[in-house]
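S.K.: Input: one structure, supplied below.
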Amino acid sequence: MDKELLEKILNRVEKPARYIGNELNIVKKNITDDIVRFAFAFPDVYEVGMSHLGMHILYNLLNSKDDIYCERVFAPWIDMEEEMRKNNVSLYALESKDSIKNFDFIGFTLQYEMSYTNIINMIDLAGVPILSKDRNSDDPFIIAGGPCAYNPEPLVGIIDFFVIGEGEEVTLEIIELYKKWKKDGGDRKDYLEMISNVEGIYVPQFYKTNYNEDGTIEAFLPLDDKYPSKIKKRIVEKLDEAFFPDKIIVPFIETVHDRVMLEIFRGCTRGCRFCQAGIIYRPVRERSVDKLIEYARKLIEATGHEEISLSSLSTSDYSQILQLVNRLIEEYKDKKIGLSLPSLRLDSFPLEVIEEIQKVRKTGLTFAPEAGTQRLRDVINKGIVEEDLIKSTKEAFSSGWSTVKLYFMIGLPTETLDDVLGIKDLAYKVKDIFFKIPKEQRKGNLKVTVSTSCFVPKPFTPFQWYPQDSIEMFYEKIDLLKNNIKDNKITYNHHDPKLSYLEAILARGDRRISDVLIRAWEKGCKFDGWGDKFNFEKWIEAFEEAGIDPDFYASRKRSYEEILPWDFIDVGVSKKYLINENEKAQKGELTRDCRKGCTGCGINKSFTGGVC
C-alpha cells in the first residue's frame, strides 16, 4: 500500500481513524512464507465491528499461534469506498495495510442478514471474484460463520464454506488442514474435500437442492455418500477452559461499546419462542466467578476502559450474579469503574444489584416485555407477568432511576390490535408509577422510551413456520400506537417494516436468493441496515429481474412436512420439540425454564455442558 496515497485519501474522508490501524494492543508480526494469513472481516463499519466480542476472541486466539497472522478488515463507509475505487486501492487489512486478496482466508462473521450486500461489496473491493466457481488457486478461501450461518443458503455460491457453531476450536482445525494441503500441493477442490468431513463445516458445492413445482424444496442431497448428510454444529464444552483474551484492542475513536466485555455464559434456558439465539447457543455453559474476576483485572489494566459490561443472552440468569457483581463493585468502586448489565430479566432483577451498580455510575434502565398483554407474553413463552414490570420499575424509581427504555415486538403470532394497544397501556402504567412516588423521593425527570421492532420469523425457532405480517399491517399497528401515545414523557420509536420484510426473506431464504443479493448489490445496495442507505425499490427490482416472489419467503405459512432450507443442520434441539412448542404457543401454554427441570428439547443427546 502506497503510504502517501493512503494519507491523501484519508485527508478526504470522515473518521479517518477507521482506516489507519495502529491502535493500542494490536498484533504486528513478521510476514514469512510459512505464516497463514487470516483476514477477520466484519461486514459493517469499524465502530460496529470493533464492539463485537467474537472478533476480539478470534483475533487474539489466532494471533497466539506463531504461524498464523490474523488481521482485521471492516466495510469502508461510502466516502472511503469512492476514494478507493477512484484510486484503484484494494481493500486492505488494518495491521499490515496489505490487500486481503493476498491472504489465505477471508473470514466473514454473519451477525445480521442486512449486511449481506456489504459482504459482496467487500469481496469485490478486494479484487476477488464474487462467485466461488470463478476463484482460482491465487484467490483466498472465503469463509463465513456466526448466528446467520445457521441458514447459510442465501449466500451459497458466494461463500466457499461455512462454519456452523462456535469458532474457537474449529478455526484452528481449518488452518491445520490448510497447512497440510499447502504442503501437499493440491488444488482448491482438494482442500474443500479435506475439510468437508470436519464437524461443523458445510461446503455448499458438494450438495444440491431439488425443488417442487410450487417452489418448495423436494430434496436436499449430498452429491456423494462421502459428504455428511447432516452438519452438526460445533460448541466449546467447557468455557472456563476456552480461550478468552487478556487484552483487547483500544480504538482511537468512539465505538458502539467502548468498554471491557466479559462473556459470563453462553446459551439461555428461558425458551422464548421467537428467539433464535436461545436455541442455537444451547446448552448453557457458565464461566466461573474467579475466572471472570481474573479477566476483568487483566482487561482493565490492558485497556484503561472505565466500564465493565457483563455479556450474555440473559445476564441475571447467571447462577452467581450477585457474587460476581459484589466482587466487581468491591474491586472497582474506588477506581470509578462502572458496571453495566445488559439483557436483564424483569423477574430475576434483584434490587440489591441495581443499588450496588448505582453507587458507581447511573445508566438508564432497559426492559424487554416484548408484548403488550399477558396473553401474548404467554404465547411467546416470555415467562414474565405484569407485576414483575410494575415491581421492578417501582423499586428502580424509588432507588433514583428516571430513564426507562421498553422494548416490544409487533406482528407476533396470534397478535390482535388489543395486544398492540397493550403496549401503550404498559408504558402509561410505568409513567403512573413514577408520579405515585412521593416528590421528595423522585430524582430527575421521567423519560420513558417505547421501541417496537417488527417480528421476523427465524430458523430454528418454534415460529419458523409462521408468515410474517404484511408491510401494510405493520404500518397499521405503528399508526395505532402513534395515534394513542400522546404523552410528552413517553417517546415512541419503531423499526422500518420494509427493512424487516427483507430481513425475513433473507433469514428464511434458500440458495435461489443469492442471485437476488448479487443483483441488488449491482444496483448499488449496501449498508442496508443503515436506514438512510436502504433502498427498498432497488431490492424489489432485483427480485423481479431474478423472477423470484419475495412473499414466498416472507408471508407464506409453512407446513410441518415442508423441507426447510436449513433442515440439514443439526443444532441439537429436535424439530419435534419446536413443533410441540409452536402447538403450545397457539394454546397460550407456558414451558418452564429448563434450569427448573429438563423440558426435553433434545440438546443433551448430542451436546453436554452446563445444566444439561
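S.K.: Quick one: Cα centre-to-centre distance for the range 425-440 and the range 507-528, in angstrom?
M.R.: Answer, in whole Å: 46.
S.K.: I've got another one for you. Taking a 18 Å limit on the Cα-Cα distance, which of the listed pairs 189/226; 336/447; 391/431 fall beyond it?
M.R.: 336/447
S.K.: Follow-up question, since we're still on this one. Per DSSP H run of at least 4 residues, take -39500 (n - 2.57); add these up for the chain, divide by its residues and hand me the 222 nm value, nearest 500 deg cm²/dmol.
M.R.: -10500 deg cm²/dmol
S.K.: Could I have the simple spin-label model distance between residue 1 and residue 530, label points 7 Å from Cα toward Cβ, reported in nm to one decimal?
M.R.: Calculated label separation equals 1.9 nm.
S.K.: Then there's this: Note down the net charge around residue 507, summing +1 for each Lys or Arg and -1 for each Asp or Glu among other residues with Cβ under 14 Å from its Cβ.
M.R.: -1
S.K.: What translational D, rounded to a whole number of µm²/s, comes out for the range 1-66 from Stokes-Einstein when the hydrodynamic radius is the Kirkwood one over Cα pairs, at 37 °C and 0.692 mPa s?
M.R.: D, rounded to a whole number, is 234 µm²/s.
S.K.: Over the Cα atoms of the chain, what Rg and Dmax result, in angstrom?
M.R.: 24.4, 78
S.K.: Below 8 Å between Cα atoms, with a sequence gap of 6+, how large is the relative contact order for the chain in percent?
M.R.: 14
S.K.: Another question, if that's okay. To make sure I understand the rule: partners must be aspartates and glutamates, Cα under 15 Å from the Cα of residue 8, and not fewer than 8 residues away in the same chain. Which ones qualify?
M.R.: The qualifying aspartates and glutamates are 79, 81, 82, 83.
S.K.: Of all the accessible heavy-atom surface of the chain, with the other protein chains kept in place and a 1.4 Å probe, what percent is carbon and sulfur?
M.R.: Of the solvent-accessible surface of the chain, carbon and sulfur hold 48 percent.
S.K.: Now a separate question. With charges only on Cβ, +1 for K and R and -1 for D and E, what is the dipole size of the chain about its Cα centre, in debye, rounded to 20?
M.R.: So the magnitude is around 1780 debye.
S.K.: Taking Cα centroids, how far is the range 548-612 from the range 142-210 in Å?
M.R.: Computed from Cα coordinates, the inter-centre distance equals 26 Å.
S.K.: PRE reach from residue 590 (point 7 Å along Cα→Cβ): which of the range 369-393 fall under 14 Å by backbone N?
M.R.: In the range 369-393, the label zone of residue 590 (backbone N under 14 Å from the point 7 Å along Cα→Cβ) covers 374-389.
S.K.: Just the number: Rg to Rh for the range 367-486, Cα atoms, Kirkwood Rh, two decimals.
M.R.: Here the Rg-to-Rh quotient is 1.02.
S.K.: Mind checking which of 36, 444, 380 is farthest towards the positive end of the chain's charge dipole, using Cβ charges of +1 (Lys, Arg) and -1 (Asp, Glu) about the Cα centre?
M.R.: 444
S.K.: Right, next: Taking K and R as +1 and D and E as -1, what net charge do the other residues with C-beta under 13 Å from the C-beta of residue 556 add up to?
M.R.: Computed value for this residue: -3.
S.K.: Hey, another quick one. The range 455-493: which trypsin sites (Lys or Arg not before Pro) are DSSP loop and have at most 10 other beta-carbon atoms within 10 angstrom?
M.R.: Within the range 455-493, the qualifying trypsin sites (Lys or Arg not before Pro) (loop, at most 10 other Cβ atoms within 10 Å) are 486.
S.K.: Here is a further query. Projecting each Cα onto the charge dipole of the chain (Lys/Arg +1, Asp/Glu -1 at the beta carbon, about the Cα centre), which of 275, 154, 64 comes out farthest on the positive side?
M.R.: 275
S.K.: Return the loop-located chymotrypsin sites (Phe, Trp or Tyr not before Pro) in the range 93-139 (DSSP other than H, G, I, E, B) with at most 15 other Cβ atoms within 10 Å of their own Cβ; answer none if there are none.
M.R.: Loop-located and lightly packed - none at all.
S.K.: Moving on. Based on the mean of other Cβ atoms within 10 Å per residue, sort peptides 309-319, 501-511 so the most packed one is first.
M.R.: 501-511, 309-319
S.K.: Could you please state, rounded to a whole Å, how far the C-alpha centre of the range 272-333 is from the C-alpha centre of the range 77-103?
M.R.: 36
S.K.: From the residues 600, 555, 586, which one has its Cα farthest along the dipole of the range 535-612 in the positive direction, the dipole being from +1 and -1 charges on Cβ of Lys/Arg and Asp/Glu about the Cα centre?
M.R.: 600
S.K.: Can you give the three extents of the C-alpha atoms in the range 402-561 along their principal axes, from longest to shortest, in whole Å?
M.R.: 64, 38, 26
S.K.: Right, something else. In a solvent-free Debye calculation with one equal scatterer on each Cα, what is log10 I(q)/I(0) for the range 511-612 at q = 0.16 Å⁻¹, listed in the order of the q values?
M.R.: Summing over Cα pairs of the range 511-612 leads to -0.88.
S.K.: Further, regarding this structure: Expressed as cubic angstrom per residue, what is the convex hull volume of the alpha carbon set of the range 76-185?
M.R.: 118
S.K.: Now for a separate question. What ranking, highest mean first, results for peptides 460-466, 416-422, 402-408, 39-45 when packing means the other Cβ atoms within 10 Å averaged over each residue?
M.R.: Output ranking for 460-466, 416-422, 402-408, 39-45: 39-45, 460-466, 402-408, 416-422.
S.K.: Using a 1.4 Å probe, what is the accessible area per residue for the chain, in Å²?
M.R.: So the chain comes to 41 Å² accessible per residue, rounded to a whole number.
S.K.: Continuing with this model, one more query. Would you work out if the range 474-526 is rounded, prolate or oblate? Take a ≥ b ≥ c from the square roots of the eigenvalues of the alpha-carbon gyration tensor; rounded if a/c is under 1.5, else prolate when a/b is larger than b/c, oblate otherwise.
M.R.: prolate
S.K.: So which of 458/587; 429/596; 183/232; 405/482; 498/587; 182/526 end up more than 24 Å apart, counting from Cα to Cα?
M.R.: Beyond 24 Å: 429/596; 183/232; 498/587; 182/526.
S.K.: Out of every Cα-Cα pair in the range 1-154, what percent are more than 27 Å apart?
M.R.: 18
S.K.: At 0.36 nm per residue, and after removing the present C-alpha to C-alpha distance, how many nm does the segment from residue 537 to residue 24 gain when stretched out fully?
M.R.: 180.4 nm
S.K.: Rounded if a/c is under 1.5, else prolate if a/b beats b/c, else oblate: with a ≥ b ≥ c from the C-alpha gyration tensor eigenvalues square-rooted, which is the range 30-118?
M.R.: Taking the square roots of the gyration eigenvalues as a ≥ b ≥ c, the range 30-118 is oblate.
The values are calculated or read from the model by the stated rules, or taken from the named source; none is laboratory data. Owing to the predicted nature of the structure, the values given are computational and were not obtained by experimental measurement. Note: ideal-geometry Cβ built from the backbone for every residue, glycine included; neighbour counts use all protein chains shown. Calculation scope for accessible area: heavy atoms of the full protein, side chains included, ligands and nucleic acids excluded. Shrake-Rupley method; radii C 1.70, N 1.55, O 1.52, S 1.80 Å.
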